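The values are calculated or read from the model by the stated rules, or taken from the named source; none is laboratory data. Here the structure is a predicted model, which means the values were calculated and not measured. Positions of Cβ are generated from backbone atoms using ideal geometry, with glycine treated the same way; all protein chains shown enter the neighbour counts. For the accessible areas, the whole protein counts, side chains as well, though only heavy atoms, and no ligand, DNA or RNA atoms are used. Shrake-Rupley method; radii C 1.70, N 1.55, O 1.52, S 1.80 Å.
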Amino acid sequence: MVREKESLIEKLHDIQAIKFGDFTLKSGKQSPVYVDLRVIVSYPEILKQISGMLWDVATSSRADFSVICGVPYTALPIASAISVGQNVPMVMRRKEAKSYGTKRLIEGVFNLKSKCLVIEDVVTSGSSVLETVEALASVELVVSDAIVLLDRFQGGKEMLQFQGVTLHSLLTLPEVLEVLLAKGRVDQEMAGKVREFLSRNKFEPAAVAKVPAKPGSKLSFEARAQIATNSVTKKLFEVMHNKKSNLAVSVDFTSCDKVLSLVDKVGPYVCIVKTHVDILEDFTPEFVKSLQMLAAKHNILVFEDRKFADIGNTVKNQYSKGLYHIAEWADLVNAHVVPGDGVINGLKEVGAPLGRACLLIGEMSSKGTLATGDYTKAAADMAKAHKDFVIGFISLSCLVNDPQFVHMTPGVQLSAGGDKLGQQYLTPEEVIINRGSDVIIVGRGFVLKSEDLN
């Protein structure tokens, strides 16, 4: 197979599936190498060769499976070619469950507890493979092995091993580099840059729990911090890991002094404080300075629950101007998706350069909410399209099986129930264990009792 692999590497280089130069990755890092295997769909002979060689990897490794599944989207044509060429059953994972019909996340026919082989095009941290493993686990399909066309050799194999998934690769990036160097397609200087980049950008393995048939990411917060490409997401997961807390407190007082006093008291125990700055009756710029000092003192993020819901230009001004200048001090804000992408673009124009981030309101905890069905699906789709600025959701459950997205659930109390204005309360156990959320937000149920702290 050695000559066939060398031939394939040259072909991938010919079609610019592997390029060398100076590239900005999704994470914002500068890389001397860029892998774009999406182009192989336009070269059926190469696709056919890849599918055959990957099948040889699967069989020679003695991977245990009776059905296969490609990671969306680039690996789907590879998995389809293998399925047709080798007459092996295939299932297909959706990026998100349908909001109508069967509402399935996994399409196809399969038996419960069957072994499924996951197929991927390229692995860096292993997060995309893990997302598919989790989706398959939610319908009781078991994954012990995965095959990949190209392992970038940056720690993904080790990360997956912690999850109990053995990764088998057809090619590795160091192997590709050596072949192209020997063929005179890459010079020694570029080869040195690539080797240095790979050595400095490895994902260190972090312990993760075995994936049960539950929604939500099962990677530890420490592991999710390592693979996070957004700086706010990374900071939040680091805070949650270091403080061993996934608690956010909504400090809904109308007095600045009371807000600051409560923030100082709960600061050591929470990862986020959520504010409603427009309900403060005595707001001054000094309040913001004091809040920032407390956030730094207790290592917490500030989330202004503004719920932006207007056209792009209006929210841009609401975010950056007026009395509150929210963009200058709030790590996080949130927005409804009713106006469409414009609301995100307007906020992003102001917030992204400042290192801020946004949550989309995917679901609400109030009785009779219209944030369901197509609305929720639209929120998920918009979040994925704006992953550089949108880091997650306000929701009642896990909406997207992507460990880089954060799900925060409001209306949490120790006992389920509701109030006379339609607020519905869920318990921490229901939110975290059954629904797969990451952060629980407590509000009036805690704040009304906080007078006891004074």
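Rounded, prolate or oblate: which one fits segment 76-176, using the alpha carbon gyration tensor with axes a ≥ b ≥ c (rounded when a/c is under 1.5, else prolate when a/b beats b/c, else oblate)? Prolate, since a/c reaches 1.5 and a/b exceeds b/c.
Note on Lys297: aspartates and glutamates with a C-alpha under 12 Å away, same-chain residues under 8 apart excluded, are Asp264. Could you bin all the Cα-Cα distances of segment 246-299 into 5 Å bins starting at 0 and give me the percent of pairs in each, rounded to whole numbers? Values per bin, smallest distances first: 4, 22, 35, 25, 11, 3, 0. Calculated [222 nm] ellipticity per residue, helices only, for the chain: -11000 deg cm²/dmol; basis is -39500 (n - 2.57) per DSSP H run with n ≥ 4, divided by all residues, nearest 500. The calculated pair-distance distribution of the chain uses every alpha carbon pair, bins of 20 angstrom beginning at 0, and gives 23, 52, 23, 2 percent.
Does segment 221-451 classify as rounded, prolate or oblate by the C-alpha gyration tensor (a ≥ b ≥ c root eigenvalues; a/c under 1.5 gives rounded; else a/b over b/c gives prolate, otherwise oblate)? Please list the in-between numbers first.
Working: a/c = 1.21, a/b = 1.05, b/c = 1.15.
Taking the square roots of the gyration eigenvalues as a ≥ b ≥ c, segment 221-451 is rounded.
Once the dipole of segment 1-70 is set up with Lys and Arg at +1 and Asp and Glu at -1 on Cβ about the Cα centre, which of Ile9, Ile46, Cys69 lies farthest towards its positive end? Positive-end residue among those listed: Cys69. Ordering His386, Leu247, Val57 by the projection of their Cα atoms onto the charge dipole of the chain, which places +1 on the Cβ of Lys and Arg and -1 on the Cβ of Asp and Glu, puts Val57 at the extreme positive end. The peptide list 310-318, 396-404, put in order of mean Cβ contacts within 10 Å with the highest first, becomes 396-404, 310-318. The charge dipole of segment 295-424, taken about its Cα centre with unit charges on the Cβ atoms of Lys, Arg (+1), Asp and Glu (-1) only, comes to about 160 debye.
Mind checking the per residue accessible area of the chain for me, 1.4 Å probe, whole number of Å²? Provide the component values of the computation, followed by the final result.
On the way: 20180 Å² over 454 residues.
For the chain, the per-residue accessible area is 44 Å².
Only the Cβ atoms of Lys and Arg (+1) and of Asp and Glu (-1) were treated as charged; on that basis the dipole of segment 222-309 about its Cα centre amounts to roughly 480 debye. Under the criterion of Cα pairs below 8 Å and six or more residues apart, the relative contact order for segment 3-139 equals 19 percent.
Between their Cα atoms, which of Lys5/Lys384; Lys244/Lys348; Lys258/Lys377; Lys274/Lys377; Lys19/Lys115 are more than 28 Å away from each other? Beyond 28 Å: Lys5/Lys384; Lys244/Lys348; Lys258/Lys377; Lys19/Lys115.
Against the criterion of solvent-accessible heavy-atom surface with a 1.4 angstrom probe, Ser245, Ser61 sort, most first, into Ser61, Ser245.
Relative contact order for the chain: 11 percent, from Cα pairs under 8 Å spaced at least 6 residues apart, divided by residue count. If you roll a 1.4 angstrom probe over the protein chains with everything in place, what fraction of the accessible area of the chain belongs to carbon and sulfur, to the nearest %? Using a 1.4 Å probe with all protein chains present, the chain comes out at 52 percent carbon and sulfur.
Accessible area per residue was computed with a 1.4 Å probe on protein heavy atoms; Val2 scores about 100 Å². Taking the charge dipole of the chain about its Cα centre, with +1 at Lys and Arg Cβ atoms and -1 at Asp and Glu Cβ atoms, the residue from Gln86, Val194, Val122 reaching farthest to the positive side is Gln86.
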